[in-house]
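**Student:** Take this structure, written in C-alpha coordinates, and hold onto it; I'll ask about it next.
The values are calculated or read from the model by the stated rules, or taken from the named source; none is laboratory data. Computed from a predicted model, the values in this text were never measured in an experiment. When we count neighbours, we look across all protein chains shown, and the Cβ atoms used for this are built from the backbone with ideal geometry, even at glycine. Please note that ligands, DNA and RNA were not included when accessible areas were found on the heavy atoms of the full protein model with its side chains. Shrake-Rupley method; radii C 1.70, N 1.55, O 1.52, S 1.80 Å.
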Amino acid sequence: MLVLDEKTMLETVSMKDVMEAMERAYRLYENKQYEMPLRTQLQDNENTFLLMPSIAHQSFSLKIVSVFLGNQQHPVTQGIVILMDRQTGCPKALFNGAALTGLRTGAIGGLAVDYLSPADVKNVGLIGTGYQGLYQLLAVCAIRNIDRIYLYNRTSSKYPAFIAALKNRLPSEVEIHIAAQPLDLVQHSDVIITATTSSMPVLPDETNIWNGKLIVGIGSYQPHMREFPDALYKNAICIFVDTLDAIKESGDIRYPMERSWLTELQMIAFSKVVTNKVNHTFQADCPTIFKSTGMALFDLVVAEMMYERAMAKQTGAYVHL
(Lines give C-alpha, C1' and ligand atoms only; values in the text may rest on other atoms or scores of the structure.)
Protein backbone atom coordinates (compact mmCIF):
# COMPACT_ATOMS: atom_id res chain seq x y z
CA MET A 1 0.00 0.00 0.00
CA LEU A 2 1.26 3.45 -0.95
CA VAL A 3 1.39 6.01 1.88
CA LEU A 4 1.35 9.71 1.00
CA ASP A 5 2.07 12.37 3.61
CA GLU A 6 1.19 16.05 3.24
CA LYS A 7 4.58 17.10 1.81
CA THR A 8 4.51 14.36 -0.83
CA MET A 9 0.92 15.15 -1.81
CA LEU A 10 1.67 18.85 -2.30
CA GLU A 11 4.72 17.98 -4.40
CA THR A 12 2.77 15.47 -6.51
CA VAL A 13 -0.21 17.56 -7.65
CA SER A 14 -1.06 21.23 -8.23
CA MET A 15 -4.27 23.02 -7.27
CA LYS A 16 -5.26 23.11 -10.95
CA ASP A 17 -4.82 19.31 -11.09
CA VAL A 18 -7.20 18.98 -8.16
CA MET A 19 -9.73 21.37 -9.71
CA GLU A 20 -9.76 19.30 -12.91
CA ALA A 21 -10.34 16.16 -10.83
CA MET A 22 -13.20 17.92 -9.06
CA GLU A 23 -14.83 18.73 -12.38
CA ARG A 24 -14.73 15.01 -13.18
CA ALA A 25 -16.32 14.30 -9.79
CA TYR A 26 -19.16 16.72 -10.52
CA ARG A 27 -19.81 14.95 -13.83
CA LEU A 28 -19.94 11.58 -12.05
CA TYR A 29 -22.34 13.09 -9.51
CA GLU A 30 -24.62 14.55 -12.17
CA ASN A 31 -24.68 11.29 -14.12
CA LYS A 32 -25.19 9.24 -10.93
CA GLN A 33 -22.14 7.09 -11.67
CA TYR A 34 -21.26 6.45 -8.03
CA GLU A 35 -22.47 4.98 -4.74
CA MET A 36 -22.34 7.20 -1.66
CA PRO A 37 -24.43 7.05 1.53
CA LEU A 38 -25.00 10.15 3.61
CA ARG A 39 -22.00 10.72 5.84
CA THR A 40 -22.12 9.23 9.34
CA GLN A 41 -21.57 11.71 12.17
CA LEU A 42 -20.71 10.55 15.69
CA GLN A 43 -20.78 13.06 18.53
CA ASP A 44 -18.53 12.64 21.57
CA ASN A 45 -19.50 15.62 23.72
CA GLU A 46 -18.24 18.63 21.71
CA ASN A 47 -16.06 16.47 19.44
CA THR A 48 -17.19 15.01 16.10
CA PHE A 49 -16.15 11.95 14.12
CA LEU A 50 -17.18 11.72 10.46
CA LEU A 51 -17.18 8.61 8.28
CA MET A 52 -17.48 9.15 4.52
CA PRO A 53 -17.45 6.13 2.15
CA SER A 54 -17.88 6.14 -1.63
CA ILE A 55 -17.57 3.87 -4.67
CA ALA A 56 -16.82 5.04 -8.24
CA HIS A 57 -14.55 4.21 -11.15
CA GLN A 58 -12.26 1.37 -10.08
CA SER A 59 -12.03 2.31 -6.42
CA PHE A 60 -13.65 2.33 -3.03
CA SER A 61 -12.67 5.05 -0.55
CA LEU A 62 -13.29 5.85 3.07
CA LYS A 63 -12.46 9.10 4.83
CA ILE A 64 -12.30 9.20 8.61
CA VAL A 65 -12.30 12.72 10.06
CA SER A 66 -12.10 14.03 13.60
CA VAL A 67 -13.11 17.58 14.54
CA PHE A 68 -11.88 18.56 18.02
CA LEU A 69 -12.77 22.21 18.51
CA GLY A 70 -10.80 22.50 21.76
CA ASN A 71 -7.46 21.46 20.27
CA GLN A 72 -4.61 23.87 20.99
CA GLN A 73 -1.48 21.81 20.27
CA HIS A 74 -3.02 19.80 17.42
CA PRO A 75 -5.10 20.81 14.39
CA VAL A 76 -8.83 21.07 14.99
CA THR A 77 -9.57 18.85 11.98
CA GLN A 78 -7.55 15.68 11.29
CA GLY A 79 -8.11 12.47 9.40
CA ILE A 80 -7.08 9.84 6.89
CA VAL A 81 -8.35 8.70 3.49
CA ILE A 82 -8.09 5.04 2.47
CA LEU A 83 -8.25 4.08 -1.22
CA MET A 84 -9.01 0.45 -2.11
CA ASP A 85 -9.25 -1.51 -5.34
CA ARG A 86 -12.88 -2.03 -6.38
CA GLN A 87 -12.16 -5.37 -8.09
CA THR A 88 -10.03 -7.07 -5.45
CA GLY A 89 -10.72 -5.13 -2.25
CA CYS A 90 -6.96 -4.66 -1.75
CA PRO A 91 -5.79 -1.40 -0.10
CA LYS A 92 -4.08 0.82 -2.67
CA ALA A 93 -3.16 3.96 -0.76
CA LEU A 94 -3.38 5.84 2.52
CA PHE A 95 -3.46 9.65 2.47
CA ASN A 96 -3.11 12.47 4.95
CA GLY A 97 -6.82 13.31 5.24
CA ALA A 98 -6.35 16.92 6.33
CA ALA A 99 -4.17 17.71 3.31
CA LEU A 100 -6.47 15.93 0.86
CA THR A 101 -9.50 17.66 2.37
CA GLY A 102 -7.77 21.04 2.21
CA LEU A 103 -6.88 20.58 -1.45
CA ARG A 104 -10.25 19.26 -2.58
CA THR A 105 -12.21 21.80 -0.52
CA GLY A 106 -10.03 24.57 -1.88
CA ALA A 107 -10.80 23.27 -5.35
CA ILE A 108 -14.54 23.34 -4.53
CA GLY A 109 -14.31 27.03 -3.74
CA GLY A 110 -12.02 27.70 -6.68
CA LEU A 111 -14.44 26.09 -9.14
CA ALA A 112 -17.33 28.06 -7.64
CA VAL A 113 -15.41 31.27 -8.29
CA ASP A 114 -14.40 30.10 -11.77
CA TYR A 115 -17.96 29.25 -12.88
CA LEU A 116 -20.01 31.78 -10.91
CA SER A 117 -18.01 35.03 -10.83
CA PRO A 118 -16.88 37.50 -13.53
CA ALA A 119 -13.44 36.85 -14.98
CA ASP A 120 -12.17 40.25 -13.87
CA VAL A 121 -12.71 39.98 -10.10
CA LYS A 122 -9.72 41.41 -8.26
CA ASN A 123 -10.56 41.39 -4.54
CA VAL A 124 -11.36 38.41 -2.33
CA GLY A 125 -12.27 38.37 1.35
CA LEU A 126 -11.88 35.42 3.72
CA ILE A 127 -13.48 34.96 7.12
CA GLY A 128 -11.78 32.17 9.04
CA THR A 129 -7.99 31.98 8.78
CA GLY A 130 -7.61 28.27 9.39
CA TYR A 131 -6.29 25.39 7.32
CA GLN A 132 -9.33 25.35 5.02
CA GLY A 133 -9.17 29.11 4.46
CA LEU A 134 -5.59 28.88 3.23
CA TYR A 135 -6.50 26.46 0.44
CA GLN A 136 -9.55 28.52 -0.50
CA LEU A 137 -7.34 31.51 -1.24
CA LEU A 138 -4.72 29.44 -3.04
CA ALA A 139 -7.43 28.04 -5.32
CA VAL A 140 -9.00 31.42 -6.07
CA CYS A 141 -5.59 32.92 -6.85
CA ALA A 142 -4.88 29.97 -9.17
CA ILE A 143 -7.82 30.86 -11.46
CA ARG A 144 -8.23 34.63 -11.00
CA ASN A 145 -5.74 37.51 -11.13
CA ILE A 146 -6.32 38.63 -7.55
CA ASP A 147 -4.81 41.95 -6.48
CA ARG A 148 -6.02 42.21 -2.87
CA ILE A 149 -6.97 39.76 -0.14
CA TYR A 150 -8.91 40.84 2.94
CA LEU A 151 -8.86 38.71 6.09
CA TYR A 152 -10.96 38.59 9.23
CA ASN A 153 -10.67 36.15 12.12
CA ARG A 154 -12.07 36.28 15.64
CA THR A 155 -8.68 35.28 17.08
CA SER A 156 -6.16 37.88 15.94
CA SER A 157 -3.18 35.81 17.11
CA LYS A 158 -3.70 33.52 14.11
CA TYR A 159 -2.99 36.24 11.55
CA PRO A 160 0.85 36.20 11.48
CA ALA A 161 1.27 32.48 10.74
CA PHE A 162 -1.58 32.50 8.23
CA ILE A 163 -0.23 35.52 6.36
CA ALA A 164 3.27 34.03 6.33
CA ALA A 165 1.91 30.81 4.81
CA LEU A 166 0.03 32.82 2.17
CA LYS A 167 3.02 34.95 1.24
CA ASN A 168 5.13 31.84 0.89
CA ARG A 169 2.83 30.49 -1.84
CA LEU A 170 1.43 33.56 -3.62
CA PRO A 171 3.01 36.16 -5.92
CA SER A 172 4.61 39.00 -3.97
CA GLU A 173 2.42 41.63 -5.67
CA VAL A 174 -0.78 40.29 -4.04
CA GLU A 175 -1.69 42.68 -1.21
CA ILE A 176 -2.92 41.17 2.05
CA HIS A 177 -5.04 43.30 4.39
CA ILE A 178 -6.56 42.62 7.80
CA ALA A 179 -10.13 43.91 8.00
CA ALA A 180 -11.20 45.64 11.21
CA GLN A 181 -14.71 44.16 10.97
CA PRO A 182 -16.55 41.71 8.69
CA LEU A 183 -18.50 44.64 7.19
CA ASP A 184 -15.26 46.26 6.00
CA LEU A 185 -14.22 42.97 4.40
CA VAL A 186 -17.54 42.59 2.57
CA GLN A 187 -17.51 46.16 1.27
CA HIS A 188 -13.99 45.77 -0.18
CA SER A 189 -14.41 42.28 -1.70
CA ASP A 190 -15.90 40.96 -4.94
CA VAL A 191 -15.82 37.40 -3.60
CA ILE A 192 -16.44 36.58 0.06
CA ILE A 193 -15.48 33.16 1.46
CA THR A 194 -16.48 31.85 4.88
CA ALA A 195 -14.49 28.93 6.28
CA THR A 196 -15.44 28.56 9.93
CA THR A 197 -17.13 26.11 12.30
CA SER A 198 -19.42 28.80 13.72
CA SER A 199 -22.95 28.15 14.98
CA MET A 200 -23.82 31.83 14.51
CA PRO A 201 -23.61 33.93 11.31
CA VAL A 202 -20.13 35.34 10.77
CA LEU A 203 -21.16 37.82 8.05
CA PRO A 204 -22.89 41.14 8.83
CA ASP A 205 -26.68 41.09 8.86
CA GLU A 206 -26.86 44.18 6.65
CA THR A 207 -29.04 44.76 3.60
CA ASN A 208 -27.90 46.42 0.36
CA ILE A 209 -24.30 45.16 0.59
CA TRP A 210 -24.58 41.77 -1.13
CA ASN A 211 -25.75 42.54 -4.66
CA GLY A 212 -23.14 41.85 -7.32
CA LYS A 213 -21.02 39.72 -4.99
CA LEU A 214 -20.27 36.00 -4.87
CA ILE A 215 -20.52 34.44 -1.42
CA VAL A 216 -18.91 31.03 -0.95
CA GLY A 217 -19.79 29.15 2.26
CA ILE A 218 -17.36 26.36 3.14
CA GLY A 219 -18.14 25.75 6.84
CA SER A 220 -21.54 24.80 8.30
CA TYR A 221 -21.65 21.05 7.68
CA GLN A 222 -24.14 20.36 10.50
CA PRO A 223 -27.73 21.59 11.06
CA HIS A 224 -26.78 23.77 14.05
CA MET A 225 -23.97 25.53 12.16
CA ARG A 226 -24.51 28.82 10.33
CA GLU A 227 -22.23 31.30 8.58
CA PHE A 228 -24.76 33.25 6.47
CA PRO A 229 -26.84 36.12 7.94
CA ASP A 230 -30.59 36.54 7.43
CA ALA A 231 -30.09 39.58 5.17
CA LEU A 232 -28.15 37.54 2.62
CA TYR A 233 -31.24 35.50 1.73
CA LYS A 234 -33.59 38.47 1.25
CA ASN A 235 -32.61 39.14 -2.37
CA ALA A 236 -31.31 35.66 -3.27
CA ILE A 237 -32.73 34.00 -6.37
CA CYS A 238 -31.15 30.61 -5.68
CA ILE A 239 -28.32 28.87 -3.86
CA PHE A 240 -25.84 26.66 -5.69
CA VAL A 241 -24.90 23.59 -3.63
CA ASP A 242 -22.05 21.15 -4.20
CA THR A 243 -24.34 18.29 -3.15
CA LEU A 244 -28.07 18.14 -2.59
CA ASP A 245 -27.33 16.48 0.76
CA ALA A 246 -26.48 20.01 1.93
CA ILE A 247 -30.23 20.58 2.20
CA LYS A 248 -30.30 18.11 5.11
CA GLU A 249 -26.87 18.75 6.56
CA SER A 250 -26.21 22.50 6.64
CA GLY A 251 -27.84 25.08 8.87
CA ASP A 252 -27.17 27.66 6.15
CA ILE A 253 -29.65 25.77 3.93
CA ARG A 254 -32.11 24.41 6.47
CA TYR A 255 -32.57 27.75 8.26
CA PRO A 256 -33.96 29.76 5.29
CA MET A 257 -36.01 26.79 4.05
CA GLU A 258 -37.65 26.26 7.46
CA ARG A 259 -38.73 29.92 7.33
CA SER A 260 -39.96 29.62 3.72
CA TRP A 261 -37.51 32.27 2.51
CA LEU A 262 -36.25 29.77 -0.05
CA THR A 263 -37.62 26.49 -1.38
CA GLU A 264 -35.97 23.24 -2.36
CA LEU A 265 -36.54 24.17 -6.01
CA GLN A 266 -34.17 27.11 -5.49
CA MET A 267 -31.35 24.79 -4.44
CA ILE A 268 -29.38 24.09 -7.62
CA ALA A 269 -26.79 21.32 -7.79
CA PHE A 270 -23.52 22.87 -8.95
CA SER A 271 -22.95 19.76 -11.07
CA LYS A 272 -25.63 21.10 -13.43
CA VAL A 273 -23.51 24.21 -13.99
CA VAL A 274 -20.36 22.17 -14.63
CA THR A 275 -22.22 19.95 -17.13
CA ASN A 276 -23.87 22.96 -18.85
CA LYS A 277 -27.39 21.88 -17.90
CA VAL A 278 -27.82 25.20 -16.10
CA ASN A 279 -26.42 28.35 -17.67
CA HIS A 280 -25.47 30.86 -15.01
CA THR A 281 -25.23 34.55 -15.85
CA PHE A 282 -23.70 36.70 -13.14
CA GLN A 283 -26.14 39.40 -12.03
CA ALA A 284 -25.26 42.72 -10.40
CA ASP A 285 -28.71 43.21 -8.82
CA CYS A 286 -28.62 40.18 -6.50
CA PRO A 287 -26.07 38.05 -4.65
CA THR A 288 -24.70 34.81 -6.07
CA ILE A 289 -24.48 32.20 -3.31
CA PHE A 290 -22.59 28.89 -3.27
CA LYS A 291 -22.75 26.47 -0.34
CA SER A 292 -20.49 23.47 0.18
CA THR A 293 -20.72 20.63 2.65
CA GLY A 294 -18.42 18.34 0.68
CA MET A 295 -18.96 14.68 -0.15
CA ALA A 296 -17.01 11.44 -0.18
CA LEU A 297 -17.08 11.25 -3.98
CA PHE A 298 -14.78 14.29 -4.09
CA ASP A 299 -12.27 12.53 -1.84
CA LEU A 300 -12.35 9.39 -3.96
CA VAL A 301 -11.76 11.11 -7.30
CA VAL A 302 -8.95 13.30 -5.94
CA ALA A 303 -7.38 10.31 -4.16
CA GLU A 304 -7.44 8.29 -7.40
CA MET A 305 -5.76 11.12 -9.28
CA MET A 306 -3.09 11.53 -6.60
CA TYR A 307 -2.45 7.80 -6.49
CA GLU A 308 -1.95 7.64 -10.26
CA ARG A 309 0.38 10.67 -10.26
CA ALA A 310 2.39 9.31 -7.33
CA MET A 311 2.79 5.92 -8.97
CA ALA A 312 3.92 7.56 -12.22
CA LYS A 313 6.45 9.71 -10.35
CA GLN A 314 7.48 6.81 -8.09
CA THR A 315 7.01 8.93 -5.00
CA GLY A 316 5.58 8.17 -1.56
CA ALA A 317 6.37 5.27 0.76
CA TYR A 318 5.25 1.73 -0.02
CA VAL A 319 4.18 -0.36 2.97
CA HIS A 320 3.42 -4.09 3.05
CA LEU A 321 0.61 -4.79 5.52
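**Student:** Extending each Cα 7 Å along its Cβ direction at TRP261 and GLU11, get the distance between those two points in nm, one decimal.
**Tutor:** Between TRP261 and GLU11, the label points sit 4.8 nm apart.
**Student:** Taking amide hydrogens as modeled 1.01 Å from N in the peptide plane, which residues meet the under 5 Å criterion relative to ILE178, leaving out close sequence neighbours?
**Tutor:** LEU151
**Student:** Viscosity 1.002 mPa s, temperature 20 °C: Stokes-Einstein D of region 201-247 from its Kirkwood Cα radius, in µm² per second?
**Tutor:** Rounded, D is 182 µm²/s.
**Student:** Could I ask something else about it? Carbon and sulfur together cover what percent of the accessible area of the chain at a 1.4 Å probe radius?
**Tutor:** 50
**Student:** Keeping all protein chains in place, calculate the accessible area per residue for region 26-86 (probe 1.4 angstrom), answer in Å².
**Tutor:** Solvent-accessible surface per residue comes out at 58 Å².
**Student:** Now a separate question. Skip the ligands, DNA and RNA, and give the accessible area per residue of region 152-211 with a 1.4 Å probe, whole Å².
**Tutor:** Per residue, region 152-211 has 58 Å² of solvent-accessible surface.
**Student:** Which percent, to the nearest 5, of DSSP beta bridges fully inside the chain are antiparallel?
**Tutor:** 50
**Student:** Also, quick follow-up: Could you run the Karplus curve 6.51 cos²θ - 1.76 cosθ + 1.60 with θ = phi - 60° over region 75-83 and give me ³J(HN,Hα) per residue in whole Hz, x for Gly and Pro?
**Tutor:** Once rounded to whole Hz, the list reads x, 5, 10, 9, x, 9, 10, 10, 10.
**Student:** Helix 15-30: angle to the longest alpha-carbon principal axis of the chain, degrees 0 to 90, nearest 10?
**Tutor:** 90
**Student:** GNM on the chain, C-alpha springs below 10 Å: top fluctuator among LEU183, LEU134, LEU42?
**Tutor:** Evaluated over the chain, the most mobile residue of the options is LEU42.
**Student:** With θ set to phi - 60°, apply the Karplus curve 6.51 cos²θ - 1.76 cosθ + 1.60 along region 33-43 and write out the HN-Hα couplings as whole Hz, x wherever there is a Gly or Pro.
**Tutor:** Result, ordered by residue: 9, 6, 10, 7, x, 4, 4, 8, 10, 10, 9 Hz.
**Student:** Then there is this: How far apart, in nm, are two points set 7 Å out from the Cα along the Cα-to-Cβ line at HIS74 and at GLU30?
**Tutor:** Once both label points are built, they end up 4.0 nm from each other.
**Student:** Also, I was wondering about something else. How large is the translational diffusion coefficient of the chain in µm² per second when you combine the Kirkwood radius over alpha carbon pairs with Stokes-Einstein at 4 °C and 1.567 mPa s?
**Tutor:** The Stokes-Einstein estimate is 65 µm²/s.
**Student:** Here's another thing I want to ask about it. Give a residue-ordered list of calculated ³J(HN,Hα) values for region 165-179 (Karplus: 6.51 cos²θ - 1.76 cosθ + 1.60, θ = phi - 60°; whole Hz; x for Gly, Pro).
**Tutor:** 5, 5, 4, 5, 10, 10, x, 5, 6, 6, 7, 10, 10, 9, 7
**Student:** A follow-up question, please. Which value in deg cm²/dmol, rounded to the nearest 500, describes the helix-derived mean residue ellipticity at 222 nm for the chain, given -39,500 (n - 2.57) per DSSP H run of n ≥ 4 and division by the residue count?
**Tutor:** The helix contribution divided over the chain gives -10500 deg cm²/dmol.
**Student:** Right, here's the next one. To the nearest Å, what is the center-to-center distance of region 106-155 and region 197-231, using C-alpha atoms only?
**Tutor:** First find each Cα centre; the distance between them is then 16 Å.
**Student:** Report the number of Lys pairs in region 197-321 whose alpha-carbons are under 27 Å apart, with separation of 8 or more residues or on distinct chains.
**Tutor:** Qualifying lysine pairs in region 197-321: 14.
**Student:** Cross-link candidates for LYS63: which lysines have Cα within less than 17 Å, leaving aside residues fewer than 8 places away along the same chain?
**Tutor:** Partners found: LYS92.
**Student:** I would also like to ask the following. Of THR263, ALA312, LEU300, which is farthest towards the positive pole of region 226-321's charge dipole, taken about the Cα centre with +1 and -1 on the beta-carbons of Lys, Arg and Asp, Glu respectively?
**Tutor:** After comparing all options, I get ALA312.
**Student:** Additional query: With a sphere of radius 12 Å drawn around the Cβ of ARG27, what net charge do the other residues whose Cβ falls strictly inside it have (Lys, Arg +1; Asp, Glu -1)?
**Tutor:** Surrounding charge for ARG27 is +1.
**Student:** Now, a different point. Given the peptides 281-290, 237-246, arrange them by the average over their residues of other C-beta atoms within 10 Å, most packed first.
**Tutor:** 237-246, 281-290
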